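**Student:** One structure, pasted below without further comment.
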Amino acid sequence: MIGYYIHHQGMGHLRRAQAIAAELPPGSVTGLSSLPCPADWDGPWIRLERDDLSPGPQAVDANGQLHWVPVHDAGLRERMGQLSAWIRRAEPSVLVADVSVEVAVLARLHGVPVVSVALPGVREDPAHTLGFGVSDALISAWPRQATGMLYTGDPELAARVTPVGAISGHPVTEGRPPGPVTRVVVLGGAGGGGMSDADIQSARAQTPGVEWDAVGTNPGNRTADPLPRLRAASLVVTHAGQGAVADVAAAGIPAVIVPQERPHEEQFTTARVLGSMAGIPAIVTSAFARQDWAKVLAEAAALDGRNWFLWNDGRGAARAAAIISAVAEGMEADHVTLPAGTRT
């Protein structure tokens with residue numbers, strides 16, 4: 001049995017887990033999360049108690065050594081007890097942490113091998129160093145050629161991270177060739193920020209004849225599956241969250257990337273790397289609110305969406321699953337032959 005801990009903030013962690021679980025034997029993955037079980041999850045699911053509902057959490061970082069362990073918190077006690085009880089009962093062969101240093105350490109203290117998902121950004125703090133250090137394998141959802149996505153402060157730790165490529169729950173399509181921009185999808189994220197209704201209206205007024213479609217920018221226009229609207233677009237304006245970029249890349253649509261404030265410089269790091277990679281069909285900008293959208297759209301018309309294959313070749317989830325399976329079988333991740341891309 002494989003345990004997969006899924007962080008409940010946003011939807012990117014869940015979608016990544018679903019894509020990876022689909023590459024593993026049916027029914028072999030137990031989801032461990034505060035989120036409700038998705039309707040299409042094939043396997044057991046443990047709904048964990050929330051540990052972030054206290055109105056006044058105290059000493060949450062254990063003197064800077066961990067990320068979230070508030071003292072005297074009933075939710076935290078119940079949550080960790082649930083995890084320990086499941087580990088004792090299920091005797092998992094491996095636990096995937098996406099993401100929690102505390103869960104990774106808890107599993108390893110029970111003698112369970114751990115595969116941790118490394119996120120982009122500056123992660124040199126003691127908690128990340130601990131979580132990475134106790135993990136038997138570290139995977140990251142970006143391509144190997146995307147250098148500069150993660151700074152750990154420890155070259156040996158950084159060298160242990162295996163980039164598997166972007167992971168989206170959607171199949172990769174050939175993508176859109178260069179051409180006029182007639183329909184723009186503005187893709188918001190669960191974390192919010194950066195794309196207000198007023199600013200979208202301003203962009204619409206600046207570009208007569210161009211259709212602007214807002215998806216997920218406010219509670220009223222959120223959707224469980226933005227893919228059909230992405231594929232119908234000639235340009236996507238999106239934040240730099242891993243899941244959003246992976247989905248845009250799967251759809252093969254040129255993009256304008258507007259990174260948002262997130263812990264550890266996560267989105268700014270991703271945007272910087274995307275902007276530096278040759279061939280990536282994206283324009284990186286610091287703000288959505290601007291008065292030159294006609295110029296931006298003209299520049300975007302020259303982008304070739306088919307080059308998103310450089311970021312998402314459709315095999316990231318399969319590579320992650322291969323590493324997880326290897327650790328479960330007692331193999332070293334460095335010795336795993338990873339699946340090749342779906343095209344060259």
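**Student:** Residue check: is Q9 open to solvent by 50 Å² or more (accessible area, probe 1.4 Å), within 16 Å of V103 (Cβ to Cβ), of a type outside the set (D, E, K, R) and under 19 Å from the mean Cα position of the chain (by Cα)?
**Tutor:** Yes; evaluated as a whole, the condition is true for this residue.
**Student:** With respect to the numbered conditions (1) assigned to a loop (DSSP other than H, G, I, E, B); (2) at pLDDT 95 or above; (3) farther than 21 Å from P171 by Cα; (4) open to solvent by less than 10 Å² (accessible area, probe 1.4 Å), which one is the sole condition not fulfilled by N312?
**Tutor:** Just one mismatch for N312, condition (3).
**Student:** Anything in segment 2-16 that is farther than 21 Å from R222 by Cα and either out of contact with any Leu (no Cβ under 6 Å at 6 or more places or on another chain) or in a helix (DSSP H, G or I) (or both)? List them, or say none.
**Tutor:** Residues satisfying the conditions are I2, Y4.
**Student:** To continue, here is another question. Give the residue that is least open to solvent (accessible area, probe 1.4 Å), with candidates limited to residues of segment 136-159 that are of a type in the set (S, T, N, Q) and more than 15 Å from the chain's Cα centre (by Cα).
**Tutor:** T152
**Student:** Spot the failing condition for A107; the list is (1) closer than 22 Å to A328 by Cβ; (2) under 21 Å from the mean Cα position of the chain (by Cα), and only one is missed.
**Tutor:** (2)
**Student:** Looking at segment 16-28, is at least one residue of a type in the set (D, E, K, R), under 24 Å from R88 (Cα atoms) and more than 12 Å from the chain's Cα centre (by Cα)?
**Tutor:** Within segment 16-28, none of the residues are of a type in the set (D, E, K, R), under 24 Å from R88 (Cα atoms) and more than 12 Å from the chain's Cα centre (by Cα).
**Student:** Among the residues of segment 113-122, is any open to solvent by 30 Å² or more (accessible area, probe 1.4 Å) and farther than 14 Å from A333 by Cβ?
**Tutor:** yes
**Student:** In addition: Any residue at all in segment 126-133 that's open to solvent by 40 Å² or more (accessible area, probe 1.4 Å), touching a residue at least 12 places away in the same chain (Cβ under 8 Å), over 24 Å from V336 (Cβ atoms) and not hydroxyl-bearing (S, T, Y)?
**Tutor:** Scanning segment 126-133, I find at least one residue that is open to solvent by 40 Å² or more (accessible area, probe 1.4 Å), touching a residue at least 12 places away in the same chain (Cβ under 8 Å), over 24 Å from V336 (Cβ atoms) and not hydroxyl-bearing (S, T, Y), so the answer is yes.
**Student:** Continuing with this model, one more query. Find the residue count for segment 124-149, including only residues that are over 21 Å from D334 (Cβ atoms) and assigned to a loop (DSSP other than H, G, I, E, B).
**Tutor:** 3
**Student:** Kindly indicate the residue of segment 12-30 that is more than 10 Å from I324 (Cβ to Cβ) and among the charged types (D, E, K, R) and also most open to solvent (accessible area, probe 1.4 Å) among those meeting that condition.
**Tutor:** So, considering only residues that are more than 10 Å from I324 (Cβ to Cβ) and among the charged types (D, E, K, R), the one most open to solvent (accessible area, probe 1.4 Å) is R15.
**Student:** Right, next: Between T162, T182, which is over 26 Å from the mean Cα position of the chain (by Cα) and modelled with pLDDT of 95 or more?
**Tutor:** T182
**Student:** Can you name the residue in segment 279-295 that is among the aliphatic types (A, V, I, L, M), within 25 Å of P120 (Cβ to Cβ) and at pLDDT 95 or above and, of all such residues, is farthest from the chain's Cα centre (by Cα)?
**Tutor:** I283
**Student:** Evaluate segment 211-220: report whether one residue or more is touching a helix residue (DSSP H, G or I) at 6+ places or on another chain (Cβ under 8 Å), open to solvent by 20 Å² or more (accessible area, probe 1.4 Å), under 20 Å from D304 (Cβ atoms) and touching a residue at least 24 places away in the same chain (Cβ under 8 Å).
**Tutor:** no
**Student:** Say we look at segment 266-292 and pick out the residues that are closer than 15 Å to P143 by Cα and of a type in the set (S, T, N, Q); which of these is surrounded by the most Cβ atoms within 10 Å (Cβ to Cβ)?
**Tutor:** Filtering segment 266-292 for residues that are closer than 15 Å to P143 by Cα and of a type in the set (S, T, N, Q), the one surrounded by the most Cβ atoms within 10 Å (Cβ to Cβ) comes out as T270.
**Student:** Name the single residue that is nearest to the chain's Cα centre (by Cα) among those in segment 89-100 being of a type in the set (D, E, K, R) and under 20 Å from I324 (Cα atoms).
**Tutor:** The residue in question is D98.
**Student:** Being open to solvent by 10 Å² or more (accessible area, probe 1.4 Å), at pLDDT 95 or above and of a type in the set (G, A, S) is true for just one of A302, A250, A246. Which residue is that?
**Tutor:** On inspection, the qualifying residue turns out to be A302.
**Student:** Oh, and also: So which residues in segment 193-210 are open to solvent by 20 Å² or more (accessible area, probe 1.4 Å) and either more than 15 Å from Q260 (Cα to Cα) or free of Cβ contacts under 8 Å to residues at least 12 places away in the same chain (or both), if there are any at all?
**Tutor:** Result: D197, A198, D199, Q201, S202, R204, A205, Q206, P208, G209, V210.
**Student:** Do we have any residue at all in segment 230-240 that's under 24 Å from R262 (Cβ atoms), out of contact with any Cys (no Cβ under 7 Å at 6 or more places or on another chain), among the charged types (D, E, K, R) and at pLDDT below 95?
**Tutor:** no
**Student:** Take the residues in segment 75-101 that are open to solvent by 10 Å² or more (accessible area, probe 1.4 Å), in contact with a helix residue (DSSP H, G or I) (Cβ under 8 Å, 6 or more places away or on another chain) and in a helix (DSSP H, G or I); name whichever of them is nearest to G165 (Cα to Cα).
**Tutor:** Residue satisfying both the conditions and the ranking: V101.
The values are calculated or read from the model by the stated rules, or taken from the named source; none is laboratory data. As the structure is a computational prediction, the values presented were derived from the model and not from experiment. Cβ coordinates were reconstructed from backbone atoms using ideal geometry, including for glycine residues, and neighbour counts include every protein chain displayed. Remember, those area values only see protein heavy atoms, side chains included, never the ligands or the DNA or RNA. Shrake-Rupley method; radii C 1.70, N 1.55, O 1.52, S 1.80 Å.
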